[in-house]
Amino acid sequence: MKATRIITASLALALGVTCFGQSRSFKLGQWTEIQNSIIKELDRSYVDTLPVDRMKKAGIEAMLSELDPYTIYIPEEDNEDLQMMISKVYGGIGAVIYKPEKDGNVIINEPYKGSPAEKYGLQCGDELLEIDGQTTHGLTSQEASDKMRGKPGTSVKFKVMKVRTGEVVDINVVRERIHLPDVEYYGMLEDGTTGYIFQSGFTERVSSDIRAAVLDLKSQGMKRLVLDLRGNGGGLLSEAVNIVSLFVPKGTLVVSSKGLAPGSNSQLRTSNEPLDLELPLIVMVDSGSASASEIVSGALQDLDRATIIGTRTFGKGLVQSIRPLPYNGQLKVTTAKYYTPSGRCVQAIDYSERNEDGSVGHIPDSLTHEFKTAHGRTVRDGGGITPDHVVEGRRYSRLTYSLVASGVIQNYAIEFARKHESIDRDFHLSDEMWQDFVAYAKEQKFDDRSSARTYFDLMKKEIEEDGLQDVSAETVEALEKVLKLDKETYLNLKKDEIVPLLEEELVVRYWFQEEGIKVRLRYDDQLRKALTLEPVSVKQ
């Protein structure tokens, strides 16, 4: 009897597993059959011609949106954009363009240092009237950009109105291979002993650039290093592992991944000899640091090899792989979750658990778990990397965000470039220049309300809908008077937070991105605070 029960239980278990597998396959087969039947019936019966391309795009996007934001379909025509995302390499002239109006000209906003655009004399504020004989009027910014790109070694002809003289000239530019570096700047900080590297991504070969930067900084007398990953949204997993390998022993576990597909479970260890095991490290992170940035900061934190400073990171602990599809399409699909050396997954959102309305939420702190670093410190999973020292960055007012989002600061920089042939590398905005900006901004259309004023406007609307306006008229009127600031007054009130952005924007126009980052460092109180904090010991 006992044997019969065991056999019966085993059989039930086997049937359960089989049914589960069959259930998933059956449902997928059922869905495919229904979908094919609907498409065939529409093709046969629908009153008008089917918009097949639109239906295909909408159907695929709707299907994948039920999974996570990182699983996407890439059609053949977008493959070049995928390669750009992976390598930050393209064929073109090397310039950021700006097109304020579809029926206006293309404006050179920022040529890259050493690019064909710079070599052939294109400057900030130059207006492109024609590209290869076609007027730029009527082109979108993307269409104009596409016409400027092409195979390295080929030429593109521009009819250009020069920014300061107004002269119209023809310029033939030979396209080159443009590489946008992830190491946008490195150098020694003012104390003369601290090296600094600003890394904006994790595309191909960035680890080699980091290695070269570290060696150069060591030759300049660097005694400690700041690796700035603030705003770095990540990229290639392999490059993250290679960067960690510069500072930890060969064979050290950096990250592991776990998924359902064959080959998705793996452990990635360092395979190269380290560059320096003793150099004190500070890694700066914020809410914009994600994916590969979290692998680097999480691994160095778990190994007690670096001090992580800033604010909690984004919380993307999902691994994507590229899979080929018919007709040269590709699927970027989430295949695994990654785990730091201590065993924690930093994924902040559980996309498999959705609310009734389809929305998703962050994993609450109450459901996170404790893990231990190499030296026994407590760290947690479930929501990004929490720094060893939490230091808040600069908070900007609604006005400043509006100035940036509406393009007021960018457009002023172009206007400034039209009037000034050059500025010093160590540029500081004078009081006269500030007043010139205020006068310019006053005439521009943008939302200049404070956060308090926007909340007041909502409250006033609710008061009116509740029929309370007569009861509270005097109070509302008095509050509105206090909150109603004219543009000039509000701009001057926020001068201290606007001036650094203006100076950076202007310096970039004349001296390129590296000098702009130096301006940013000039005002970086978060970094200055980080340099004063107690480090996590490399050895214990």
Ordering 156-162, 375-381, 230-236, 47-53 by per-residue average of other C-beta atoms within 10 angstrom, highest first, gives 230-236, 156-162, 375-381, 47-53
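Could you compute the FRET efficiency for S402 and T32, with r as their C-beta to C-beta distance and R0 at 51 Å, rounded to 0.05?
Computed FRET efficiency for S402 and T32: 0.55.
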Quick shape check on the range 245-305: root eigenvalues a ≥ b ≥ c of the Cα gyration tensor, a/c under 1.5 is rounded, otherwise prolate if a/b tops b/c, else oblate, and it reads oblate
Cα-based Rg/(2.2 N^0.38 Å) for the range 151-300, rounded to two decimals, is 1.37
Simple SL model, points at 7 angstrom along Cα→Cβ for D486 and I86; separation in nm is 5.8
In terms of the alpha carbon gyration tensor, root eigenvalues a ≥ b ≥ c, rounded if a/c is under 1.5 and otherwise prolate when a/b exceeds b/c or oblate, the range 27-155 is prolate
In whole Hz, the Karplus estimates of ³J(HN,Hα) for the range 427-435 (6.51, -1.76, 1.60; θ = phi - 60°; x where Gly or Pro) are 6, 10, 6, 7, 4, 5, 5, 4, 5
For the range 37-87, the convex hull over Cα atoms projects on average to an area in nm² of 4.8
Over the range 100-233, with neighbouring protein chains present, the accessible area per residue in Å² at probe 1.4 Å is 46
Note on the range 219-320: C-alpha Rg/Rh, Kirkwood Rh, two decimals, gives 0.98
Interchain or sequence-distant (5+) residues whose placed amide H lies within less than 5 Å of the amide H of K372 are V379
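With a 1.4 Å probe and every protein chain kept in, tell me what percent of the accessible surface of the range 196-289 is carbon plus sulfur. Working shown, then result.
Values: 1980 of 3830 Å².
Here it works out to 52 percent.
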Residue-ordered couplings for the range 112-129, obtained by feeding phi - 60° into the Karplus form 6.51 cos²θ - 1.76 cosθ + 1.60 and rounding to whole Hz (Gly and Pro as x), are 7, 4, x, 7, x, 4, 5, 4, 8, x, 6, 10, 4, x, 4, 10, 8, 7
Sparse-neighbourhood loop hits (GluC sites (Glu not before Pro), the range 38-69; DSSP loop; Cβ within 10 Å at most 11 others) -> E66
The range 243-278 and the range 452-509 have their Cα centres apart by a whole-number Å value of 51
For the range 445-500 the trypsin sites (Lys or Arg not before Pro) that pass both the DSSP coil test and the at-most-13 other-Cβ-within-10 Å test are K445, K484
Counting sequence-distant residues (5 or more places) and residues on other chains, those with an amide H built under 5 Å from that of L318 are Y338
Within the range 136-219, DSSP-loop GluC sites (Glu not before Pro) with at most 12 other C-beta atoms within 10 Å are E167, E190
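Which FRET efficiency, nearest 0.05, do E421 and Q444 yield, Cβ-Cβ r, R0 25 Å?
Values: r = 24 Å, r/R0 = 0.98.
For R0 = 25 Å, the calculated efficiency reads 0.55.
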The alpha-carbon center of the range 174-210 and that of the range 24-102 are separated, in whole Å, by 34
With x for Gly and Pro, the residue-by-residue ³J(HN,Hα) of the range 495-509, computed from phi through the Karplus equation 6.51 cos²θ - 1.76 cosθ + 1.60 at θ = phi - 60° and given in whole Hz, is 4, 4, 8, 7, 4, x, 5, 5, 4, 5, 4, 6, 4, 4, 5
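Dividing the alpha-carbon Rg of the chain by 2.2 N^0.38 Å yields what?
1.17
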Non-local residues with an amide H under 5 Å from the amide H of T252, with H modelled 1.01 Å from N and Pro and chain starts lacking one, are T270
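The values are calculated or read from the model by the stated rules, or taken from the named source; none is laboratory data. On a predicted model such as this, the values are computed, not experimentally measured, just so you know. Positions of Cβ are backbone-derived with ideal geometry, glycine not excepted, and every protein chain shown enters the neighbour counts. Note: areas computed on protein heavy atoms with side chains; ligands, DNA, RNA excluded. Shrake-Rupley method; radii C 1.70, N 1.55, O 1.52, S 1.80 Å.
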